[in-house]
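Each remark here refers to the structure printed beneath this line.
The values are calculated or read from the model by the stated rules, or taken from the named source; none is laboratory data. What you see is a predicted model, and the numbers here were worked out from it, not measured in a lab. Cβ atoms come from the backbone with ideal geometry, glycine included; neighbour counts cover every protein chain shown. Each accessible area value is taken on the protein alone, full model and side chains, heavy atoms only, with ligands, DNA and RNA left out. Shrake-Rupley method; radii C 1.70, N 1.55, O 1.52, S 1.80 Å.
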Amino acid sequence: MSHLYENIEPNVIDDELVQKVLEEECTEDIGKIVRREGFNFKDVKELQLSFRNILQIANLWQFENLTKLQLDNNIIEKIEGLESLVHLVWLDLSFNNIEVIEGLATLVKLQDLSLYSNRISKIENMDTLQELQIFSIGKNNLTTLEDVVYFRRFKHLQTLNLAGNPLCDDERYMLYVVSYVPNLVYLDFKLVRDSTVKEAVLQYQYHIEPLEREEAEALAQLEDKQAKQKELEYHKTAFVEYLNGSFLFDSMFAEDTEAAKLACLPGVDDLLQAYPSWFVSVCESLFNYGLKEHENREAEVSHFHEYLNEVLTANQQEGRKRILEFENQSKKVMWLEEIHNATSYDIAESKRARYREDILQLSEALMGLEILITDQLEVRIRHIPGRPHIHNVGGSLFSFSLSIFYTMNQCRELENHHHEKLLEISITTLEKSLKNELDVDLPADVQKLLVDKTTIVNAVNASHGTRLQSIDKRESDILSNIYHWDADKPWVQSAQAFQNEIDRNRNRVKEIILFIENLQEELDSIKIPEATE
């Protein structure tokens, strides 16, 4: 512990503390469910841990769907333990003892962040927070005005609070911040006026313009890179990555250390003129065929999910209809009033017994509906009328695999042909060299290959072997990706959709059971006329 806290008992976030906080926030009805079934931390969207003397952030990994987290007014010294909270939109770490901005890299959805009143001296480690709209880092130890340029990367940032930092004492502060962070609407809790913006632009435009050009160039490069990466990912899903253009051919020669030397031999240049175009043509034929097959597979999967969604929607609608009927029926029955107004004990007890039976029937019907919906959905998923034969996808992939074998064998044949011609040229060059009949000067490293037949043949064979390995590896990678692709993937997704429907129905049943239990409690608690002798 880096600080001593007098008269304070430091806390760490543990299950006991979290349980206590959640129970404090529960309504009475929810509290009944919690006491019976416990908390499901995955369902918690907001968590308030303010004023708890928390020293260390820990044990929050279970709250994977959390969107709002309050950790303000504690004694936290380090931002940590937030990696799993990837859905977090709102985070308050104000009034703590934090010295370094860190541990936020995975919070890419964060829009509102407060680090107000800490001990931070540098703006850093926030590059991934591209959705940030509101940022408060006032009352810290920021001293360098030029550091606010960091905020330019947050294109959605509209509200910024820096008040209370030493850099605010710089006479340039207001205009500098407004000029370098152009999208600000509020600065230090005050509206940024149009007149201030105009003055800032006028004063710093010659500093901003070069920066804007650099940013535009960087953005263009980034977008180009992202477009290429997106295209590559699409090619991967079609199992044809690096088969368009000369990727495979270039990689073959890039890994071949002998190729550059052998290319210097007389006649090899002419040999290399035709080889690339033939090789690339074969690869592109497979590439185009692979893309077409991928489109066919995607269409089959899409068709399957259309039918699946129809089944789920029909069952959800039926479930809502039946539950609504139960709810309306239970609301129309004026049980308590009829029992209360009964003229005798026997009549009251008879009515109470009948209404108790109605409650039991309602509960049984509701659970029957749960079972009915579950069974019906399961059967209809297994026997969807008119659905596409999704397992044809597997047949399509088998056919594509055969095309890969055929195409890669074509590539090997082209390479073997090239190898034979290169070997002929190499031996011819060796013979001329030994007879001093070469009419060209060759580099020293190439001349070392022309000492005898064994040396030159070994070099040519090594070169050939390297290129064949590149072809084999590309073939192996494609086939491996195909074999690891689960042809039953749509069924896995349907099972998940099925489970989601079950969970939804079960949660709804819990709500209505609680309603029924409340009715039963009221029914049992009502006073009826005393029995007469």
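Which ones in the range 47-69 are open to solvent by 20 Å² or more (accessible area, probe 1.4 Å) and either under 16 Å from Leu113 (Cβ atoms) or under 18 Å from the mean Cα position of the chain (by Cα) (or both)? Selection gives Trp61, Gln62, Glu64, Asn65, Thr67, Lys68. From the list Ala254, Ala263, Ala238, the one residue that fits, being open to solvent by less than 70 Å² (accessible area, probe 1.4 Å) and either within 30 Å of Ser426 (Cα to Cα) or modelled with pLDDT of 90 or more (or both), is Ala263.
Yes/no matrix, rows are residues, columns are (1) open to solvent by 60 Å² or more (accessible area, probe 1.4 Å); (2) out of contact with any His (no Cβ under 6 Å at 6 or more places or on another chain); (3) at pLDDT 85 or above; (4) aromatic (Phe, Trp, Tyr):
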site: Arg352; (1), (2), (3), (4): no, yes, no, no
site: Ala365; (1), (2), (3), (4): no, yes, no, no
site: Leu372; (1), (2), (3), (4): yes, yes, no, no
site: Val379; (1), (2), (3), (4): yes, yes, no, no
site: Phe398; (1), (2), (3), (4): yes, yes, no, yes
site: Leu402; (1), (2), (3), (4): yes, yes, no, no
site: Glu413; (1), (2), (3), (4): yes, yes, yes, no
site: Glu424; (1), (2), (3), (4): yes, yes, yes, no
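Scanning the range 10-30 for residues that are at pLDDT 80 or above, assigned to a loop (DSSP other than H, G, I, E, B) and over 30 Å from the mean Cα position of the chain (by Cα) gives a single hit, Pro10. Please go through the range 176-192 and give me each residue that is over 20 Å from Ser114 (Cα atoms) and open to solvent by 30 Å² or more (accessible area, probe 1.4 Å), ordered by number. Hit for the range 176-192 is Pro182, nothing else.
Would you be able to tell me the number of residues in the range 86-106 that are in contact with a strand residue (DSSP E or B) (Cβ under 7 Å, 6 or more places away or on another chain), of a type outside the set (S, T, N, Q) and surrounded by 20 or more Cβ atoms within 10 Å (Cβ to Cβ)? Explain how you work it out, then say what you get.
First pass over the range 86-106, keeping only residues in contact with a strand residue (DSSP E or B) (Cβ under 7 Å, 6 or more places away or on another chain): 88-94.
So of that shortlist, the ones also of a type outside the set (S, T, N, Q) come out as 88-93.
Pick out the ones that are also surrounded by 20 or more Cβ atoms within 10 Å (Cβ to Cβ) and you get 88, 91-93.
Summing the residues that are in contact with a strand residue (DSSP E or B) (Cβ under 7 Å, 6 or more places away or on another chain), of a type outside the set (S, T, N, Q) and surrounded by 20 or more Cβ atoms within 10 Å (Cβ to Cβ) in the range 86-106 gives 4.
In the range 430-484, the qualifying residues are those that are over 25 Å from Asn416 (Cα atoms) and touching a Phe, Trp or Tyr at 6+ places or on another chain (Cβ under 7 Å), and the one that is least open to solvent (accessible area, probe 1.4 Å) is Ile482. Tell me whether the range 151-161 contains one or more residues that are buried (at least 19 other Cβ atoms within 10 Å of the Cβ) and farther than 20 Å from Leu219 by Cβ. Within the range 151-161, one or more residues are buried (at least 19 other Cβ atoms within 10 Å of the Cβ) and farther than 20 Å from Leu219 by Cβ.
Could we say that Glu102 is under 16 Å from Arg152 (Cβ atoms) and under 26 Å from the mean Cα position of the chain (by Cα) here? Don't jump to the end; show me each part of the working.
On the way: under 16 Å from Arg152 (Cβ atoms): no; under 26 Å from the mean Cα position of the chain (by Cα): yes.
When the stated conditions are applied, Glu102 does not pass them.
Among the residues of the range 268-283, those that are at pLDDT 90 or above and either of a type in the set (Phe, Trp, Tyr) or over 18 Å from Arg467 (Cα atoms) (or both) comprise Tyr275, Trp278, Phe279. Scan the range 87-101 and tell me whether some residue there is farther than 20 Å from Asn11 by Cα and among the charged types (D, E, K, R). No, the range 87-101 has no match at all.
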